[in-house]
1. Considering amide H positions built from the backbone, and no H for Pro or chain starts, which residues 5 or more places from Thr286, or on another chain, come under 5 Å of its amide H?
2. With a 1.4 Å probe and all protein chains in place, put Lys367, Lys49 in order of accessible area, largest first.
3. Using R₀ = 45 Å, calculate the FRET efficiency as 1/(1 + (r/R₀)^6) where r is the Cβ-Cβ separation of Lys221 and Leu110; round to 0.05.
4. Give me the dipole magnitude in Debye, nearest 20, for segment 257-373 about the Cα centre, with unit charges on the beta carbon: positive for Lys and Arg, negative for Asp and Glu.
5. Taking the Cα centre of segment 142-241 as the origin, how large is its charge dipole in debye, to the nearest 20, when only Lys and Arg (+1) and Asp and Glu (-1) carry charge on their Cβ atoms?
6. Of the cross-linked pairs Lys279/Lys362; Lys173/Lys362; Lys330/Lys362; Lys225/Lys380; Lys331/Lys362; Lys243/Lys331, which ones have a Cα-Cα span greater than 26 Å in the structure shown?
7. Select from segment 56-136 those GluC sites (Glu not before Pro) which occupy a DSSP coil region and have at most 12 other Cβ atoms within 10 Å, ordered by residue number.
8. Residues with amide H under 5 Å of Leu423's amide H, sequence separation 5 or more or different chain, H placed in the peptide plane at 1.01 Å from N; which?
Amino acid sequence: RKGLATERRGDMMTTDDMACNELINIDVDTLAPHDFKQEKLKLSATLRKYYSFCKRRTFGTFVASKRASITVWNCCGQTFKELSSIHKHVARTHDTDIHQLTQSTFEVLLSQIEKEATSQQQSTEKEPVDISSWIPDTSHITGDQLHNGPGEVLLLYCYCQLADPQLICAWQKALCEKLQLTGKVRVATEGINGTVGGTKVATGLYIKAMCSHPIFNIMKKEDFKTSNGGAECFCNLRVGVYKEIVPMGVDPDALSYSLAGTHLEPEEFHKEVEALLSKGDSCNDTILLDCRNFYESRIGQFSQCLAPNIRKFSYFPDYVDQNLDLFRDKKVLMYCTGGIRCERGSAYLRSKHVCKEVYQLKGGIHKYLEQFPEGFYRGKLFVFDERFAISSNSDIISECRYCNSPWDQYQLCSTHFCCQLVLSCSACRQGGHTACCPICQTKGKGEEPSATPPQREECECTAMRPRIPQDALQPSD
């Protein structure tokens, strides 16, 4: 279409705006042959509206095809300099052409409406999915095999679009109950994230069920991280639908996991860290970033990493925002427990457009330790279950809160209403130092046991630490 009208300044209407207004006011019935007007009267009120819409659209397109310049139209060897003149000419001379074109447009529109109606009807009449078809047959398995015997804990996640998270949630709950698994599973429209424990027979069936599911069959056996444990590592089974499968506090619709950084296999990540450490203090173009919480990195981390002093992953976006200069023009190597936090964390960091490159450890520390148990990660790996930590080397990098002796075994604060973790060695615990801070220690002495469920409470531990820390430009060991 040539030379659409140029806009005028201010709130003046364009030539096209005026043309559209004139088209709206045209009586399309006066443009149709008499015999078709009788045929049109047989249509329902809704279809007549559709036909009138097609008529106006066809008429406007036909007139536009005759435009020579902004205010000149050529048709049938004549030149028209007024919009009303070309309209009258087309209405009188090309009514048959307009009618035929309208008919074609009208038929296409009706076809589209019919297809949409059929699709909607099929969707409405669609039979409910039988989730039992996604649950493995356990008739050949004894109850003892699902309840007793060697056990393990699985760590898994899969980012993929789920049209019906509630359905997946119901399936996961039924599947875990059937296999006598305990743990936590989060489901959202962006995918699934979970950690479950049970016998190796049960976890093996769970992996098989996941990998054969029509949505999660993109997963492979190696995508499931395993560690020694079992159903006893969790108090119960919790399966639910959430906004995010890992709570970062950023709407997945606004920041997709698909924007994540480049994934590095454990071997590749190991080489990158090795190159970083070989440069020592002279390396100022690369940051090895631990995107876990402070209490996780306190008992285990990669050598020479930057470990933000944050309590929750939902603080990570604010941490990035307040430390952008730290990452400017740097190559960033990110890692977390199993890889899921890096998916969203690296996507957020990349969205700031300050880093030169952003990489993440595929499979997280879990997969790295499988190949490099005596590699550059030292200390224990924190896990979110009753074990609190697992280890692959004997290093202790943290210390007792009270006597500063080497210690890395977490226990919950002894104060009833506090949910903080505390590092207190055996000797100090025997001496009564079982709370996370002096305030809780004082409260605990006069506290009576209560049946009321524990509630989160801010105490000295949290009050003395900035919510979002400002880190130095150079990461420390």
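The values are calculated or read from the model by the stated rules, or taken from the named source; none is laboratory data. These numbers were taken from a predicted model, which means no experiment stands behind them. Ideal geometry is used to build each Cβ from the backbone, glycine not excepted, and the neighbour counts take in all protein chains shown. Protein only, heavy atoms only, side chains kept; ligands, DNA and RNA dropped before computing areas. Shrake-Rupley method; radii C 1.70, N 1.55, O 1.52, S 1.80 Å.
1. Close amide H contacts, sequence-distant or interchain: Lys331.
2. Reading off the accessible areas and sorting them downward yields Lys49, Lys367.
3. 0.30
4. About 340 debye.
5. 40
6. Table pairs above 26 Å Cα-Cα are Lys173/Lys362; Lys243/Lys331.
7. Those satisfying the criteria are Glu82, Glu125.
8. It is Arg401, by chain and number.
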